[in-house]
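K.L.:
Provided herewith is a single structure, encoded as structure tokens, for subsequent inquiry.
The values are calculated or read from the model by the stated rules, or taken from the named source; none is laboratory data. All of these numbers come straight from a predicted model, not from anything done at the bench. Virtual Cβ from ideal backbone geometry, glycine too; neighbours counted across all protein chains shown.
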Amino acid sequence: MGEEKKRVNVSSNPHIRDGKSTAGIMFAVILSLLPATGYGIYHFGPRAVAVIGTTIAGAVITEGLFGACCKKKSLSDLSAVVTGLLLGLNLPVSIPLWMAALGAVFAILIAKLLFGGLGQNFMNPALAGRCFLMISFPKQMTDFSVKSVDWGKLHWDAISGATPLAALKAGERVDVMEMILGNTGGTIGETSVIALVAGACLLILLGIIDLRIPASYIVTLALFVTVFGGRGFDPAYLSAQLAGGGLMLGAFFMATDYATRPITVGGQYLFGIFLGLMTGIFRIFSPGAEGVSYAIILGNLLVPLMEKITRPKPFGYRKGGGTHAV
Amino acid sequence: MAKLTFVGGIHPYDGKDLSKDKPIRDVLPKGEMVYPLSQHIGAPAQAIVAKGDRVLAGQKIAEAGGFVSAPVYASVSGTVKNIEPRRVASGDMVMSIVVDNDGSYEEVAARAVKPVEQMSPEEIREAIKEAGIVGMGGAGFPTHVKLTPKEPEKIEYVIANCAECEPYLTSDYRRMLEEPERLVGGLKIILRLFPNAQGILAVEDNKPDCIRLLRKLTAEDSRISVKALQTKYPQGGERTLIYAVTGREVNSTMLPADVGCVVNNVDTMVAVHRAVTEGKPLTERIVTLTGNAMKDPCNYRIRIGMSYAELLDVAGGYSVEPQKVICGGPMMGMALFDLNIPTTKTSTALLAMTEDEVSAMEPGPCIKCGRCVEVCPGRVMPNYLATYAEHFDEEKFLEYGGMECCECGCCSYICPAKRQLTQSIKSMRKIMLAKKKKK
């Protein structure tokens, strides 16, 4: 020994790592959104591909250009693809493509990158993009009545109509079975409960998300609607409320966004309950019929507060902190 | 029955199959022996030999430097070559006694002993203190200090830490299989110090053979029981172990004795047994040589002070060139850049890995997934603590319970962004502890 100069690595412990990576998690989220994406394309026709393609391209190009300017490589974590895809799923199929692109740029640049990029954003970028478009172009963003859309030279019929929640609010009857299957009007990715829940199951099985936020959100909303909905305990009305309005997409895929939900366990329950209350208020007491997006964005803003009041007590914590026996 | 465990923790690949079925082999060192004066927590020992002195195996060569300190003994016979700073596993230079091994292993006579039954608690404590025994699981806290709480009658549990939760390590496992009588004997001796305590052998349930064996050995003894713990890292951490066994929580400002517990590692208990029944000081321990780059993974009974380089040679060297060599296990061990460092009282293993996964991973930004919070056995928030540490925000670091971190490494292990959370928090804790000392 002694003579040879072999090179070995030296670093601080621990020296082993779990297999999960940021890109792996993002990839899993993309996979889990595929059922809803696929159904959206099947349901709304090829133009849905154009909308989703535009938002993904817009998000990725924005992230890439910004990265090139700041000498930061962030495309490989796939988070821009997730944001682009989520935004696309949150848009009506008839939206002009330039608006979709603008929404994607806003989501990535304003809501995420300018606040420090992945993990630093305080608001879900896809939802921020959606709400930005809602405020800027309310007509196009809430137009779900399109029966036929021009796409290039093709004319095709989309099975669309007013969203079930709007119909419900107007006092019409809605077919809950159709809502669960997804055969209704709405944004591209929000209509099919089955496809969304299938994707959510995948996320839960892979350990990417857990049920804390979605369950507390959905249960709270159900209770709120039962108490304040004016219909008492009406299973048909209740299930329509839960199946509609992008609740499944929001509860499983957007309220669970790591960066914009509380990191503490208690905070996550609190967050879910808050979202349920806000969604209920928006749906029942505001002129509109939907409320998921605004509820989540509002919830995002309160995350630091929720984390603060639910910060866990360190192991072995004693009041006063001193050394004394129990 | 719910399994005994704690909240949080991880399940890394345990790698124990490499060496768990290899019986302990004895090795006699041929080369130079190095005895750092600081192999324990507390004041360094004071050398009581000088350059040129002839020393014998089992001879005291350094005296404890205070109450929280421990003497050091020569493990071979030879001549003191020098007393000089030598590099140790942590990378620090530590004043050490260097002995030229003459290869004859001539021993001093063991201390006179009398039957344990006739010894008073003070005599037992004195024998342990004299033997230079420290916590051999890695921390190196002088054992006699642990065994001298203010009110010994308030100790309710003496726990033998047989968890060995650190991946790849099998030295405690082999010790339990091959010398369980010594382990139980050591526990019985310690129980003599605490009239109101019950003895618990706490073993992770991935070692069912040890559990069976220890249960058989202790079936007759009403004061001792064997508890199976859920296999999970860091189950063998002192605080997590106490919680799993008793449900009591100890924070960083407390000692286990504050909740009526005394915890000692397997090898430590065996050393206590040797010291009290045979009058032998602490000069040997079991070290696991393992990892996928090791030609012949195995467990050795070594003489403390032998260099890792020589030990590796004896074991047959590497099968392939390792990318990383670790003193200890992969979770809490220290990466070595040179093997010419001595084994000490706290050396548990030499782990050689063909690949260093950590260097292959580029740390990314925190995505706030919360995995570190979920696995943290200290129930703090490593993601925020690491950020505060990186910004040297002392106030926030303390407010968020940074001092409650036990540096187990779970947060870094689980982080999908591959942040060096443990490293940042550890550095900050070091700074804060140094500041506290100054005050």
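K.L.:
Could you tell me which of the residues B:119, B:136, B:93 is of a type outside the set (D, E, K, R) and exposed (fewer than 15 other Cβ atoms within 10 Å of the Cβ)?
P.N.:
B:93
K.L.:
Scan (1) within 8 Å of another protein chain (Cβ to nearest Cβ); (2) assigned to a helix (DSSP H, G or I); (3) touching a Gly at 6+ places or on another chain (Cβ under 6 Å) for the single condition residue B:413 breaks and write down its number.
P.N.:
So residue B:413 meets the others, but not (3).
K.L.:
A further question on this structure: Can you confirm whether region B:202-223 contains a residue that is outside the structural domain of residue B:376 (by TED's automatic domain parsing), under 19 Å from the mean Cα position of the chain (by Cα) and closer than 30 Å to residue B:66 by Cβ?
P.N.:
no
K.L.:
State whether the residues of region A:228-246 include one that is under 20 Å from residue A:36 (Cβ atoms), out of contact with any strand residue (DSSP E or B) (no Cβ under 7 Å at 6 or more places or on another chain), in contact (Cβ under 8 Å) with a residue 40 or more places away in the chain and polar (S, T, N, Q).
P.N.:
Looking for residues that are under 20 Å from residue A:36 (Cβ atoms), out of contact with any strand residue (DSSP E or B) (no Cβ under 7 Å at 6 or more places or on another chain), in contact (Cβ under 8 Å) with a residue 40 or more places away in the chain and polar (S, T, N, Q), one finds at least one in region A:228-246, hence yes.
K.L.:
Oh, and also: Could you please let me know if residue B:200 is within 12 Å of residue B:262 (Cα to Cα) and either small (Gly, Ala, Ser) or modelled with pLDDT of 95 or more (or both)?
P.N.:
When the stated conditions are applied, residue B:200 passes them.
K.L.:
Looking at A:238, A:221, which one is modelled with pLDDT of 95 or more and not hydroxyl-bearing (Ser, Thr, Tyr)?
P.N.:
Result: A:221 is the single residue among A:238, A:221 that is modelled with pLDDT of 95 or more and not hydroxyl-bearing (Ser, Thr, Tyr).
K.L.:
State the number of residues belonging to region B:335-351 that are in contact with a Phe, Trp or Tyr (Cβ under 9 Å, 6 or more places away or on another chain), facing another protein chain (nearest Cβ under 9 Å) and buried (at least 22 other Cβ atoms within 10 Å of the Cβ).
P.N.:
Going through region B:335-351 one residue at a time, the tally reaches 2.
K.L.:
Inside region B:346-376, can you point out the residues that are touching a strand residue (DSSP E or B) at 6+ places or on another chain (Cβ under 9 Å) and within 25 Å of residue A:266 (Cβ to Cβ)?
P.N.:
Matches in region B:346-376: B:375 only.
K.L.:
Ok, one more. So which residues in region B:299-334 are among the β-branched types (Val, Ile, Thr) and at the interface with another protein chain (Cβ under 10 Å from one of its Cβ atoms), if there are any at all?
P.N.:
Selection gives B:325, B:326.
K.L.:
Among the residues of region A:230-259, write down those that are of a type in the set (Ser, Thr, Tyr), in a helix (DSSP H, G or I) and within 14 Å of chain B (Cβ to nearest Cβ).
P.N.:
A:258
K.L.:
Can you tell me which residue among A:11, A:32, A:76 is of a type outside the set (Val, Ile, Thr), in contact (Cβ under 8 Å) with a residue 12 or more places away in the chain and under 30 Å from residue B:324 (Cβ atoms)?
P.N.:
The match here is A:76.
K.L.:
A further question follows. Please enumerate the residues belonging to region B:391-432 that are surrounded by fewer than 17 Cβ atoms within 10 Å (Cβ to Cβ) and on the phi < 0 side of the Ramachandran plot.
P.N.:
Passing the criteria: B:391, B:394, B:395, B:396, B:398, B:399, B:427, B:430, B:431, B:432.
K.L.:
Checking residue B:210 against (1) surrounded by fewer than 21 Cβ atoms within 10 Å (Cβ to Cβ); (2) touching a Pro at 6+ places or on another chain (Cβ under 8 Å); (3) more than 23 Å from residue B:409 (Cα to Cα), only one condition comes out false. Which one?
P.N.:
Among (1) surrounded by fewer than 21 Cβ atoms within 10 Å (Cβ to Cβ); (2) touching a Pro at 6+ places or on another chain (Cβ under 8 Å); (3) more than 23 Å from residue B:409 (Cα to Cα), residue B:210 violates only (1).
K.L.:
Restricting region B:315-333 to residues that are of a type in the set (A, V, I, L, M, F, W, C) and crowded, with 16+ Cβ neighbours inside 10 Å, which is nearest to residue A:26 (Cα to Cα)?
P.N.:
B:331
K.L.:
Can you give me the ranges of the strands (runs of 3 or more DSSP E) entirely in region B:1-79 with at least 1 residues that are touching a Lys or Arg at 6+ places or on another chain (Cβ under 7 Å) and within 25 Å of residue B:340 (Cα to Cα)?
P.N.:
Answer list for region B:1-79: B:24-26, B:33-36.
K.L.:
Give the residues of region B:236-248 that are within 14 Å of chain A (Cβ to nearest Cβ) and within 21 Å of the chain's Cα centre (by Cα), sorted by residue number.
P.N.:
Listed by number, the residues that qualify are B:237, B:238, B:239, B:240, B:241, B:242, B:243, B:244.
K.L.:
Could you please give the count of residues in region A:76-91 that are over 15 Å from residue A:36 (Cβ atoms) and crowded, with 23+ Cβ neighbours inside 10 Å?
P.N.:
Total meeting the criteria: 4.
K.L.:
Being over 30 Å from residue B:22 (Cα atoms) and small (Gly, Ala, Ser): is that true of residue B:131 here?
P.N.:
So residue B:131 fails the test.
K.L.:
When the residues of region A:214-240 are filtered to those that are of a type in the set (Val, Ile, Thr) and crowded, with 16+ Cβ neighbours inside 10 Å, which remaining residue is farthest from residue A:275 (Cα to Cα)?
P.N.:
A:226
K.L.:
Hey, can you tell me all the residues within region A:121-162 that are assigned to a helix (DSSP H, G or I), modelled with pLDDT of 90 or more and surrounded by 16 or more Cβ atoms within 10 Å (Cβ to Cβ)?
P.N.:
The answer is A:125, A:126, A:127, A:128, A:129, A:130, A:131, A:132, A:133, A:134.
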